[in-house]
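Peer 1: Dropping a structure here in structure tokens format, bear with me for questions.
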Amino acid sequence: MNKMMMFAAIAVTLISCGGGGGRPNFGDNEYPVVTVGTSSADMQATFPATIKGVQDVEIRPKVQGFITQINVKEGQTVSAGQTLFVLDNSTYQAQVRQAQATVNTAQQQVNTAQLTFENSKQLHANKVIGDYELQTTQNAFESAKAQLAQAQAALASAREMLSFCYVKSPASGVVGTLPYKKGALVSASNSLTTVSNISSMDVYFSVTEKDAMVISQKGLSSLPPVKLQLADGSIYTNEGTVTKMSGVIDQATGSVQLIASFVNPEKKLKSGGAGTIIIPRIASSAIIIPQSCVMEVQNKKFVYTLGKDNKVVYTEIKVDPQDDGNSYIVTDGLKAGDKYVTNGVTKLSDGMEIVPITPERYQQKINEQAKAMSAGDIVGAMKK
């Protein structure tokens, strides 16, 4: 068992030497070479995102006053028209009573003026009084009605001011934080809370201007359902749909904002949260190569391809910016049928002649070398 474990350790050491950092010493110029092929690749693009409710309503009082009642709790679901806060309204109640008394007085004056006017019309018909007296009583009646209308308007205004003391929710949703407690003096400059409609959520993210042009040409309907990765790394259960794209390019970032809509039946998503939008896509006829055979110099990527007379060529490639951490999808620099070196690339130089072998034969030679190593070789390999 110990021998098997030691052999496995040496094999791993030799294989690691055969990656980007070097190759086993076979005593010849053999390097593993594979032929470029194509396959389908599941790819995805990720974008930082901000989560918002479809409707976030900031609640502010219209009048100044002390909070006397707080009728809701943070996170509570409320309906449109539900009373959230009550402000001290004794002053406004007094104003309503005063306005009501003024209306009552004005109504009595109207009644009296009307009786006088009706009596004057009869006297005028019997030629007891003249036109002037009749017109005077009619004017008094009209003036009394105008005063009544003015008093009624003042009463309506007083009642409206009183109603402002009862702060109600303009929409259905979930109550946010409650920064003010009972007894606090608040006014229109103070935000009492926010009511968010989170039955469905809008998730905002941005793409480059180039990507936005491609999306515009194909239409939003061409985009597949998107996923949402939450702040804890988990993937939200429900998929979303990209529904809107801004028509304005952000001059500071050169990006265009998109909105994806997600249903939120379990209220798991919270307005103001952060996440990552994941847009999946399938690349057909993709060229996929391991990252271990790629060298990066000044943000450029290179591989060694096999040219004429078995001489390697230092070849620049371009890859898709999205990768899985193990492989690259090559977008330029390689084509189907090309051959490239998979191991020991740091030992190569442009134009160097090699003996190409298959990766299987390369692995076989590693195993053979591991078996033939002496104890001293083993200790030396383990130290490398």
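Peer 1: Over region 196-243, what relative contact order in percent results from Cα pairs under 8 Å that are six or more residues apart? Walk me through the intermediate numbers first.
Peer 2: Working: 27 pairs, mean separation 12.9, N = 48.
Computed over region 196-243, the figure is 27 percent.
Peer 1: What do you get for the angle between helix 359-372 and the principal long axis of the chain? Use alpha-carbon atoms, 0 to 90 degrees, nearest ten.
Peer 2: 60 degrees
Peer 1: Tell me, what is the FRET efficiency for VAL355 and SER327 to the nearest 0.05, using R0 = 25 angstrom and their Cβ-Cβ distance as r?
Peer 2: Numbers: r = 26 Å, r/R0 = 1.05.
After rounding, the FRET efficiency stands at 0.45.
Peer 1: Sticking with this structure for a sec: Roughly how many Å is it from the Cα centre of region 288-361 to that of region 176-255, as a whole number?
Peer 2: When both Cα centres are located, 41 Å separates them.
Peer 1: Here's a follow-up. Is the shape of the chain rounded, prolate or oblate, going by the alpha carbon gyration tensor and its root eigenvalues a ≥ b ≥ c, with a/c under 1.5 for rounded and a/b larger than b/c for prolate? The partial results should precede the final answer.
Peer 2: Details: a/c = 6.11, a/b = 3.49, b/c = 1.75.
Verdict is prolate for the chain.
Peer 1: Moving to a separate point now. How much FRET efficiency would the formula 1/(1 + (r/R0)^6) give for SER163 and LEU185, where r is the Cβ-Cβ distance and R0 is 22 Å, rounded to 0.05?
Peer 2: The pair SER163/LEU185 has a calculated efficiency of 0.65.
Peer 1: Hey, what did the chain get for relative contact order, percent, Cα under 8 Å, at least 6 apart?
Peer 2: With pairs under 8 Å counted, the relative contact order is 29 percent.
Peer 1: Now for a different question. Rounded to the nearest 0.05, what FRET efficiency do ASP309 and ALA372 give with R0 = 45 Å and r taken as the Cβ-Cβ distance? Could you check?
Peer 2: Details: r = 31 Å, r/R0 = 0.69.
For ASP309 and ALA372, the calculated efficiency is 0.90.
Peer 1: Helix 90-125: angle to the longest alpha-carbon principal axis of the chain, degrees 0 to 90, nearest 10?
Peer 2: Rounded to the nearest ten degrees, it is 40.
Peer 1: In percent, what relative contact order does region 207-364 have, based on Cα pairs under 8 Å that are 6 or more apart in sequence?
Peer 2: Relative contact order for region 207-364 comes out at 18 percent.
Peer 1: Taking 0.36 nm per intervening residue step and subtracting the Cα-Cα distance, what contour gain separates THR346 from GLN138 on full extension?
Peer 2: 63.8 nm
Peer 1: Can I ask one more? Given the pairs LYS244/LYS318; LYS73/LYS268; LYS227/LYS300; LYS73/LYS244; LYS210/LYS301, which span a C-alpha to C-alpha distance of over 27 angstrom in this model?
Peer 2: Numbers: LYS244/LYS318 32 Å; LYS73/LYS268 18 Å; LYS227/LYS300 31 Å; LYS73/LYS244 33 Å; LYS210/LYS301 23 Å.
Checking Cα-Cα distances, LYS244/LYS318; LYS227/LYS300; LYS73/LYS244 exceed 27 Å.
Peer 1: Separate question: With each pseudo-label sitting 7 Å past Cα toward Cβ, what's the LYS335-ILE249 distance in nm, one decimal?
Peer 2: Here the modelled spin labels are 3.3 nm apart.
Peer 1: Also, quick follow-up: Within the set of other residues whose C-beta is less than 15 Å from the C-beta of VAL78, count the net charge using Lys and Arg as +1 and Asp and Glu as -1.
Peer 2: Value of the local net charge: 0.
Peer 1: For region 180-226, how big is Rg over Rh, using alpha carbon atoms and the Kirkwood form of Rh?
Peer 2: We get a ratio of 1.33 for region 180-226.
Peer 1: Based solely on its DSSP helices, what 222 nm [θ] is calculated for the chain when runs of n ≥ 4 H residues each add -39,500 (n - 2.57) and the sum is averaged over all residues, nearest 500 deg cm²/dmol?
Peer 2: Value at 222 nm, helices only: -10500 deg cm²/dmol.
Peer 1: Kindly sort LYS308, LYS168, LYS62 by accessible area of their heavy atoms, largest first, with the probe set to 1.4 Å. Numbers along the way, then the final one.
Peer 2: On the way: LYS308 175, LYS168 110, LYS62 145 Å².
Order by accessible area, largest first: LYS308, LYS62, LYS168.
Peer 1: For the chain, find the longest principal axis of its Cα atoms and tell me its angle to the long axis of helix 209-218, 0 to 90°, nearest 10.
Peer 2: 80 degrees
Peer 1: Taking amide H atoms as placed 1.01 Å from N in the peptide plane, list the residues 5 or more away in sequence, or in a different chain, whose amide H sits under 5 Å from that of ASN264.
Peer 2: Long-range HN contacts for ASN264: SER200, MET201.
The values are calculated or read from the model by the stated rules, or taken from the named source; none is laboratory data. Treat the numbers as computed from the prediction; the structure is a model and nothing was measured. When we count neighbours, we look across all protein chains shown, and the Cβ atoms used for this are built from the backbone with ideal geometry, even at glycine. Note: areas computed on protein heavy atoms with side chains; ligands, DNA, RNA excluded. Shrake-Rupley method; radii C 1.70, N 1.55, O 1.52, S 1.80 Å.
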